[in-house]
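To start, the structure under review is shown below, and the notes come after it.
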Amino acid sequence: MSIIQEVATMTSKGQFTLPRTVRQALGVEVGSKVAFEFREDGQIVVSRADTEHEDPAIAAFLDLLAGDIQAGRHVRAIPDDLAHDMLEYARREAGPDEDIDGDVDL
């Protein structure tokens, strides 16, 4: 079942213009990168390529880390137990209706 179905025509240079509705659905604009995933069943999935670092806090942290590395500052590995806990929390799926563990400061 399709939510959006559009048609694009390939130019002689092998280029396509993504229809506006597709650009809007993907949230892409000039300069955005688009990824294509070819599946075994013949389907092709199109997605934003930069969604992994969409959070500005993560992007700022990665920029800070890159600057430290380029400046030759020593970057230590985080303790194993902290890394383990972070990976466990990253794998958890939480929804807006789930209970929150612990205290919450508002």
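Go through region 1-83 and name the trypsin sites (Lys or Arg not before Pro) that are in a DSSP coil and have 16 or fewer other Cβ atoms within 10 Å of their Cβ. Those satisfying the criteria are K13, K33, R39, R73, R76. Above 16 Å, the calculated P(r) of the chain contains 79 percent of its Cα-Cα pairs.
The residues of the chain have, on average, 97 Å² of accessible surface per residue, using a 1.4 Å probe with all protein chains present.
Relative to the longest principal axis of the Cα atoms of the chain, the long axis of helix 56-70 makes an angle of roughly 70 degrees. Relative to the longest principal axis of the Cα atoms of the chain, helix 80-91 runs at roughly 40 degrees. When the alpha carbon gyration tensor of region 28-90 is reduced to an equivalent ellipsoid, the three semi-axes, largest first, read 31, 19, 11 Å.
The values are calculated or read from the model by the stated rules, or taken from the named source; none is laboratory data. Every value quoted in this text rests on a predicted model; they were computed, and no experiment measured them. Glycine also receives a Cβ, built like all others from the backbone with ideal geometry; neighbour counts cover every protein chain displayed. All accessible areas refer to the heavy atoms of the entire protein, side chains included, with ligands and DNA or RNA removed. Shrake-Rupley method; radii C 1.70, N 1.55, O 1.52, S 1.80 Å.
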